[in-house]
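Remarks on the structure that follows.
Only the coordinates and a few stated rules stand behind these numbers; no lab work does. The structure presented is a predicted model; accordingly, all values stated were derived computationally and were not measured. Note: ideal-geometry Cβ built from the backbone for every residue, glycine included; neighbour counts use all protein chains shown.
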Amino acid sequence: MVATVTAYQPQNTTNTTVNGGRITASPVVLTANGAGNFPDVDGNDRANGVSRWRKWFLKALGVTTAANKMIIAMKPTPNTDTRCYMALGTQRDQQATMSGRRYASGVLHSNVTATGTVLVVDFESGSAADNVIQTGDKLAVWNDTNKNLELAVSSVVWTGEQAEITLTTGLLNDFVAGANVGSCLVITDSVNPSFDNVVKSFTTSTYDETTYPILLDRNATDEETLTFTFTGTTAFSVISDIHGVLPSGDVGADYAPVNPDFALPYLILPAAGWGGSHTAGESMQVQIHPCAVPVWLGYQVTAGATAAIDTVPVTIWLDSH
């Protein structure tokens, strides 16, 4: 299977503060006005101006062993009356609680040669106020032929919406005016499914998640908190904070509740990890997380904008094996 990145929808896709939330099993429909995508801009939006956010979960699929990192950047919109930007989300945040700075791209103002460390870049209106390029950022420079990724920014000087960016090391390739240049998200901690926050309320029970780690699935593992509570000497009940009551389990068998959207387990809790003797009422809680990078995409239309076909271009590079 070829490694791919697929965008998935959150629980809520709206233009209100409840927009966002956790990942669902529904991919974003990438055609205009598709589910999870930006809605059409109408005449009222163009006349008065509008800003909207959409939360996408960029899921790393088809990876045989592990994904090392995902690098995400946005190209400028094709039209001068609009702009786009992005922010890093969390696995659970909504628009009302989203935080974090904005990242965006511009276009190279003049040619630069390999080993060059100074770039002059033209950005969309509003980018300077958002400070979309900052000292310490990782920068991407790319065109249809070459890409230079994770270039460290040493300093930035803004003049209007134009930035003079100095890099700590030189470019690897020549780039001509018009190449894409932007601050990018470099993600390593969300590109594989994971578990954490294991809390044990045990008296005589034990569970060794170090020797017998919880097994997760690249397709079926989602974002949830699970509570395992003993109902007897071997049996336990399971509650998910998002799916409610899940099938009960027993220490004598691996626990593998099936995600019906993928016909694969949310997780596998190895039976070999259990130890000690078990008493009704003892419990263990764990959080599981999907192999998905949560990103907020922003799109702004300037008041008085003319009608035109537009796009919000997202560029993703996945490093996997």
Which ³J(HN,Hα) values in Hz, rounded to whole numbers, follow from the phi angles of segment 185-197 under the Karplus curve 6.51 cos²θ - 1.76 cosθ + 1.60, where θ = phi - 60° and Gly and Pro get x?
8, 10, 10, 10, 9, 10, 8, 10, x, 8, 9, 6, 6
Positive-end residue, the chain charge dipole about Cα centroid, Cβ charges, pick of F38, L264, N192:
F38
Listing C84, C184 from the residue with the fewest other Cβ atoms within 10 Å to the one with the most, what is the order?
C84, C184
Once phi is turned into ³J(HN,Hα) by the Karplus curve 6.51 cos²θ - 1.76 cosθ + 1.60 with θ = phi - 60°, what whole-Hz value does each residue of segment 131-143 show in order, with x for glycine and proline?
6, 6, 10, 9, 4, x, 5, 9, 10, 10, 10, 7, 9
List every residue whose amide H lies under 5 Å from the amide H of S194, counting only residues 5 or more places away in sequence or on a different chain, with H placed 1.01 Å from N in the peptide plane.
H289
How many lysine pairs in the chain, separated by 8 or more positions in sequence or lying on different chains, have Cα atoms less than 27 Å apart?
13
Tell me which residues come under 5 Å, amide H to amide H, from T14 once H is placed; ignore anything under 5 positions away on its chain.
N19, G20
For n ≥ 4 DSSP H runs only, could you compute -39500 (n - 2.57) per run for the chain, divide by its residues and tell me the 222 nm figure to the nearest 500?
-500 deg cm²/dmol
When F236, F38, F202 are ordered from fewest to most other Cβ atoms inside 10 Å of their Cβ, what list results?
F202, F38, F236
Q94's amide H: which non-local residues (gap 5+, or another chain) put their own amide H closer than 5 Å, with H modeled 1.01 Å from N in plane and none for Pro or chain starts?
G21
Return the sequence-ordered ³J(HN,Hα) values of segment 265-275 in whole Hz as given by the Karplus equation 6.51 cos²θ - 1.76 cosθ + 1.60 applied to θ = phi - 60°, using x for Gly and Pro.
x, 4, 6, 10, 9, x, 4, 4, x, 6, x
Say we join alpha carbon atoms closer than 10 Å with springs in a Gaussian network model of the chain; which of K55, K69, K200 then has the biggest fluctuation?
K200
